[in-house]
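Engineer: Provided herewith is a single structure, encoded as structure tokens, for subsequent inquiry.
The values are calculated or read from the model by the stated rules, or taken from the named source; none is laboratory data. Since this is a predicted model, take the numbers as computed values, not measurements. We place every Cβ from the backbone using ideal geometry, glycine too, and count neighbours over all the protein chains shown. Heavy atoms of the whole protein, side chains included, go into the accessibility calculation; ligands, DNA and RNA do not. Shrake-Rupley method; radii C 1.70, N 1.55, O 1.52, S 1.80 Å.
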Amino acid sequence: MSSGLEVLKARGFIKQCTDFEKLDKLMSEKRISFYAGFDPTGKSLHVGHMVPLMAMAHLQRAGHRPLSLVGGGTALIGDPSGKTEMRKIQTVEKIQENSTSMKKQIEKFIDYSDDKALMLNNYEWLGKLNYIEFLRDIGRHFSVNRMLGFETYKMRLETGLSFIEFNYQLLQSYDFLVLNQQHGCMLQIGGDDQWGNIVAGVDLTRRVESNEVFGLTFPLVTRADGKKMGKTEKGAVFLDPDLFSPYDYFQYWRNIADADVEKFLLLFTFLSVEEIKELGKLEGQEINRAKEILAYEQTRIIHGKEEADKAKEAARAAFTPQGSTSVDKSAIPSITVDKAELETGINVMDLFSRTALCSSRGEARRLVTQGGASINEVKITDINKSIDFTFVEDNELLLKAGKKRYFRVIVS
RNA sequence: GGGGAGGUUCCCGAGUGGUCAAAGGGGGCAGACUGUAAAUCUGUUGGCUACGCCUUCGAAGGUUCAAAUCCUUCUCUCCCCA
């Protein structure tokens, strides 16, 4: 039986592992349970969570059992790893609420039928922890000297680290221990910034239970332009279609840098490695084909085939000069406007600022002045222009800001 | 608890009574170039009923014709001592 680790390795998922050979052997012999944690600090998962999710899916396909741990308890504290400042502490209610909605998203991704995977919330055991007992049973295994040596803490020692954050590692280690005890969890996977916390959990489990468990980290995925994955000017790229439309999601992937194409196809699609290598060979304009495939696959995984098809159609329609009249543009985000309003005419700036294209009238003014605004491919440069029925085509207006941001206005 | 340094527009960071909607950089947006890339160059970057008006420089008051800049109190952060 293939352990599944080779797949991860071939696809570039692996940065560090506590003991790759041993783990590979173990996973080839039997199916194991493994876990990844998700912090419910927001209402939705975002693209930054895709790497662990994809890794879990791959391992599940190889026959192993994923435990998705929603950090309802740990989120109350805030992980200092890789951050320069303390995270805002949120209310218990808010975090519980976030946990449930994130749970739904992960469920879409991992097969939870017949106990093939479990969804857990560490609030169950962290919430009722007794401080004295915890210190005595768990705290004694941690050496402050050692912890201070970790890179993550070193950094924070410069700027300041509160005691509550310093404790984070103990709680995360405790999670691993509990999961090992209750579910026989043998492996924790996570981003490379979690390495210290993961190793600490491995140590704790060995000390308390004398069980050898493993840790595995993914490389921190950055884009070729050095920016963090999943961030746009407008904020995070959420998986929730209400926060980030499938069309925009498609476009996000469609617009990645050339240099990232092959890497991302490996990490974020299920296409075979051979197939991806072929796509990676494309050059020049051709590479756009690979980007489209990436965008399509990702959108399909997250939003389903139907939405992915629509997004692809809509993107093609919007970016193919004329011609394709009867294509479905319905995936492009839209607002509706009353027929009567158009009879009298709406000022360009007003119209644009009503859409997600411009957040204020001033921004719309700038856009128009600088020649970045057009309606149904007709450039508008006069800020006093009144938009009326003469602009309407197919009962709608296709607004464009810059070269690639589209928005529809439907007349009703 | 004592002493010191600070909180400036999306971020970093100038500004210490009018010439400040606030230098510079980053980021963003737009234009040119392109392949719905990258790099580069240029413009732009609080809001509005726009040659004027309104809101912004941690919070609340006060001094002044006039404050981001001065005074008072509060609050938060960092550093040193205990």
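Engineer: Of (1) open to solvent by less than 40 Å² (accessible area, probe 1.4 Å); (2) at pLDDT 85 or above; (3) under 20 Å from the mean Cα position of the chain (by Cα); (4) not hydroxyl-bearing (Ser, Thr, Tyr), A:ILE95 satisfies all except one. Which?
Structural biologist: (2)
Engineer: What do you reckon, is A:SER173 more than 24 Å from A:GLY12 (Cβ to Cβ), out of contact with any helix residue (DSSP H, G or I) (no Cβ under 8 Å at 6 or more places or on another chain) and assigned by TED's automatic domain parsing to the domain that holds A:LYS128?
Structural biologist: no
Engineer: Six or more apart or on different chains, Cβ under 6 Å: which pairs go from a residue in the range A:267-294 that's closer than 26 Å to A:GLY4 by Cβ and of a type in the set (Phe, Trp, Tyr) to one that's open to solvent by less than 60 Å² (accessible area, probe 1.4 Å) and within 16 Å of RNA strand B (Cβ to nearest atom)? Could you list them?
Structural biologist: Hits for this filter: A:PHE268/A:GLN298.
Engineer: Here is a follow-up. Is it fair to say A:ASP248 is farther than 23 Å from A:ALA311 by Cβ, within 16 Å of RNA strand B (Cβ to nearest atom) and among the acidic types (Asp, Glu)?
Structural biologist: no
Engineer: Criterion first (under 29 Å from A:LYS312 (Cα atoms), away from RNA strand B (no atom under 15 Å from the Cβ) and open to solvent by 50 Å² or more (accessible area, probe 1.4 Å)) does A:THR344 satisfy it?
Structural biologist: Taking the combined requirement at face value, the residue does not satisfy it.
Engineer: Continuing with the same structure: Do you know which of the residues in the range A:130-173 that are closer than 16 Å to A:ILE198 by Cα and aliphatic (A, V, I, L, M) is nearest to the chain's Cα centre (by Cα)?
Structural biologist: My answer is A:LEU171.
Engineer: Which residue out of A:GLY201, A:GLY184 is open to solvent by less than 10 Å² (accessible area, probe 1.4 Å) and not basic (Lys, Arg)?
Structural biologist: A:GLY201
Engineer: Of the residues A:ILE375, A:ILE383, A:ILE387, only one is in contact with a Leu (Cβ under 6 Å, 6 or more places away or on another chain), without any contact (Cβ under 8 Å) to a residue 40 or more places away in the chain and more than 29 Å from A:PHE109 (Cβ to Cβ); which?
Structural biologist: Every option except A:ILE375 fails the conditions.
Engineer: Please go through the range A:237-258 and pick out each residue that is in a loop (DSSP other than H, G, I, E, B), exposed (fewer than 15 other Cβ atoms within 10 Å of the Cβ) and without any contact (Cβ under 8 Å) to a residue 60 or more places away in the chain.
Structural biologist: Within the range A:237-258, A:ASP242, A:ALA257 qualify.
Engineer: Just to be sure before I move on: is A:HIS64 open to solvent by 10 Å² or more (accessible area, probe 1.4 Å) and of a type outside the set (A, V, I, L, M) in the structure I sent?
Structural biologist: Spelling it out, it is not the case that A:HIS64 is open to solvent by 10 Å² or more (accessible area, probe 1.4 Å) and of a type outside the set (A, V, I, L, M).
Engineer: Which pairs do you get when a residue that is over 16 Å from A:ASP350 (Cβ atoms), found in the range A:391-412, comes within reach of a residue that is open to solvent by 80 Å² or more (accessible area, probe 1.4 Å), reach meaning Cβ atoms under 6 angstrom, with the pair 6+ apart or on two chains?
Structural biologist: From residues that are over 16 Å from A:ASP350 (Cβ atoms), the pairs are A:ILE410/A:THR336; A:SER412/A:THR336.
Engineer: Within the range A:354-412, which residues are part of a strand (DSSP E or B), open to solvent by less than 70 Å² (accessible area, probe 1.4 Å) and within 14 Å of RNA strand B (Cβ to nearest atom)?
Structural biologist: Once the filter is applied, which keeps residues that are part of a strand (DSSP E or B), open to solvent by less than 70 Å² (accessible area, probe 1.4 Å) and within 14 Å of RNA strand B (Cβ to nearest atom), the range A:354-412 yields A:ALA373, A:SER374, A:ILE375, A:LEU399, A:LYS400, A:ALA401, A:TYR406, A:PHE407.
Engineer: Same structure, new question: So, in the range A:259-302, of the ones that are hydroxyl-bearing (Ser, Thr, Tyr) and touching a helix residue (DSSP H, G or I) at 6+ places or on another chain (Cβ under 8 Å), which residue ends up surrounded by the most Cβ atoms within 10 Å (Cβ to Cβ)?
Structural biologist: Here the residue is A:THR299.
Engineer: Scanning for something touching a strand residue (DSSP E or B) at 6+ places or on another chain (Cβ under 6 Å) and in a strand (DSSP E or B), does the range A:227-236 turn up at least one residue?
Structural biologist: Checking the range A:227-236: at least one residue is touching a strand residue (DSSP E or B) at 6+ places or on another chain (Cβ under 6 Å) and in a strand (DSSP E or B).
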